[in-house]
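Report on one structure; see the data block that follows.
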Amino acid sequence: MNDDLRGLNTQKQEALDGSPAIVNDEAGYIHIKFQCGPIKEHKVNGTSIENVLELLANRLRGFQKGPFRCRTNAVAITKIEEAMMWLEERTKTRISQGVEGTNQAHKEEE
């Protein structure tokens with residue numbers, strides 16, 4: 001493992017991928033803490049992109065059951081589901097290449 005990845009913490013994770021590990025709205029309406037490091041090494045310590053997308057899709061599905069049902073919500077749900085499908089493909093690729101659960105990049109398939 002790369003020495004830079006040992007003892008991974010929120011600051012190191014943010015430096016590694018350039019995205020914040022914690023999303024916190026100043027008004028207190030949202031607080032999301034993303035998983036920091038591989039679960040195998042750091043246990044579950046936050047959520048995943050997949051979990052957030054599922055939450056958002058479920059919220060829109062709830063709108064679709066009531067008076068806010070519309071085509072644009074349906075399209076948004078479809079696009080979120082497509083994003084989740086691509087992330088699942090990424091996971092399958094990472095598993096097949098033996099890098100899932102590590103801080104190693106997978107090779108792009110051609």
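Quick note: the coordinates plus some simple rules give every number you see, no bench work behind them. These numbers were taken from a predicted model, which means no experiment stands behind them. Cβ placement follows ideal geometry from the backbone for every residue including glycine, while neighbour counts extend to all protein chains displayed.
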A correct fewest-to-most ranking of PHE63, PHE34, PHE68 by other Cβ atoms within 10 Å would be PHE68, PHE63, PHE34
Cross-link table LYS40/LYS107; LYS65/LYS92; LYS40/LYS79; LYS43/LYS92, entries beyond 25 Å C-alpha to C-alpha: LYS65/LYS92; LYS40/LYS79
The local net charge around ILE80, scoring Lys/Arg +1 and Asp/Glu -1 for residues other than ILE80 whose Cβ lies under 11 Å from its Cβ, equals -1
Quick one: net charge around ARG90, please, counting Lys, Arg +1 and Asp, Glu -1 for every other residue with C-beta under 11 Å from its C-beta. -4
Gyration tensor on Cα atoms of segment 28-110, a ≥ b ≥ c root eigenvalues, a/c under 1.5 rounded, else prolate if a/b beats b/c, else oblate, says oblate
